[in-house]
Amino acid sequence: MKLVVLKGGDEAVPLAQCARAGPNSTRAPGAVALSGDGLHWVLINVSPSVATQLSTDARLLRHPGLPDAAVRAVVLTDAQVDHVTGLLSLRDGAPIHLYATPAVFEELTHALPVLPLLEHYCGVQWHVIPVAGESREAVFHIEGQPTLEFTAVATDGPLPRHAAQPASGGVGETIALAVRDLVTGQRFFCARSLAAAGFEAVEWMQQADCLLLGDDRVDVWPDDGDPGALGGLGMLAQLDRVGARRKVLMAMPDWDAGPVRLHGELARHGVELAADRMEIDL
């Protein structure tokens with residue numbers, strides 16, 4: 001199993017207003033491409049900048065089938081704007097095979113009607129992930145990925161502002177993903193944050209060889225400067241309890257600490273910051 005982090009060409013120096021966006025920003029820090037054979041790929045979420053990167057960044061040609069896919073497979077973990085609007089930027093490319101829960105398909109049909117628009121362009125093949133109601137976990141497979149087994153786990157992450165019922169999210173509005181390589185036995189787990197993953201995901205995280213935490217920057221550096229004091233058990237202290245060989249953060253933690261101290265603290269706990277085009281082999 002191979003992972004490639006996509007951040008839309010992350011070398012650009014951010015504008016000051018972007019640097020000040022902080023934890024209230026709705027912009028996602030990127031997406032992940034996943035492959036069982038190095039030739040066929042699945043995107044986990046897709047922002048507009050990542051969609052643009054797929055069509056313009058020649059450096060991705062080192063991954064056959066990623067920039068020039070004959071069929072574009074996408075798994076959505078929720079209906080957040082920056083997770084789904086990149087689908088529109090893929091409209092002139094290959095047909096999209098979209099994997100999502102009933103709640104997310106509902107959002108993208110009515111509240112944020114991305115899917116009806118795409119039907120006039122590349123077309124979308126729906127693949128429903130049956131996480132809804134009393135079913136909080138579901139195993140599913142993706143066409144073209146016979147060696148990978150996917151498990152969706154319901155989480156209690158924040159709902160998008162455009163959600164039809166923003167005050168009372170149902171099961172399946174947000175999910176975490178566990179992926180197992182049926183050949184090697186290696187496991188990958190990704191979630192929006194530790195807090196969003198919840199207790200149901202603890203076992204999955206413990207079994208993972210690689211843990212990736214996504215968009216949230218809610219884990220702030222406490223006033224006393226001790227990252228282990230956050231809420232009685234800080235993010236890094238929690239990650240110390242996870243046995244994954246690789247622990248990766250997609251977003252820079254929103255800690256009031258200098259970059260040297262920040263990177264040093266993360267390294268001390270065996271945590272990495274994801275970089276654009278970062279490759280992880282499992």
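Quick notes on this one:
- Options Val46, Val74; residue that is surrounded by 21 or more Cβ atoms within 10 Å (Cβ to Cβ), modelled with pLDDT of 90 or more and part of a strand (DSSP E or B): Val74
- Test: residue in region 188-198 that is open to solvent by 50 Å² or more (accessible area, probe 1.4 Å), modelled with pLDDT of 55 or more and of a type outside the set (Lys, Arg): yes
- Residue match in region 19-34 (condition: open to solvent by 20 Å² or more (accessible area, probe 1.4 Å), out of contact with any His (no Cβ under 9 Å at 6 or more places or on another chain) and modelled with pLDDT of 90 or more): no
- Those strands (runs of 3 or more DSSP E) lying entirely in region 77-150 with at least 1 residues over 21 Å from Phe189 (Cα atoms) and within 21 Å of the chain's Cα centre (by Cα): 96-100, 124-128
- Cβ pairs under 8 Å, 6+ apart, first in region 261-282 and farther than 30 Å from Thr52 by Cα, second open to solvent by 60 Å² or more (accessible area, probe 1.4 Å): Leu262/Met252; His269/Asp240
- Put simply, of Asp281, Asp276 the only residue that is modelled with pLDDT of 90 or more and open to solvent by less than 30 Å² (accessible area, probe 1.4 Å) is Asp276.
- Residue that is modelled with the lowest pLDDT, among those in region 245-265 that are surrounded by fewer than 17 Cβ atoms within 10 Å (Cβ to Cβ) and of a type in the set (A, V, I, L, M, F, W, C): Ala257
- Any hit, region 2-18, residues being modelled with pLDDT under 90, outside any helix (DSSP H, G or I) and among the acidic types (Asp, Glu): yes
- Those residues of region 148-164 which are open to solvent by 40 Å² or more (accessible area, probe 1.4 Å) and either closer than 19 Å to Trp204 by Cα or acidic (Asp, Glu) (or both), in sequence order: Glu149, Asp156
The values are calculated or read from the model by the stated rules, or taken from the named source; none is laboratory data. Since this is a predicted model, take the numbers as computed values, not measurements. Cβ sites come from the backbone with ideal geometry, for glycine too, and all protein chains shown count toward neighbours. What goes into the accessible areas is simple: the full protein's heavy atoms, side chains included, and nothing from ligands, DNA or RNA. Shrake-Rupley method; radii C 1.70, N 1.55, O 1.52, S 1.80 Å.
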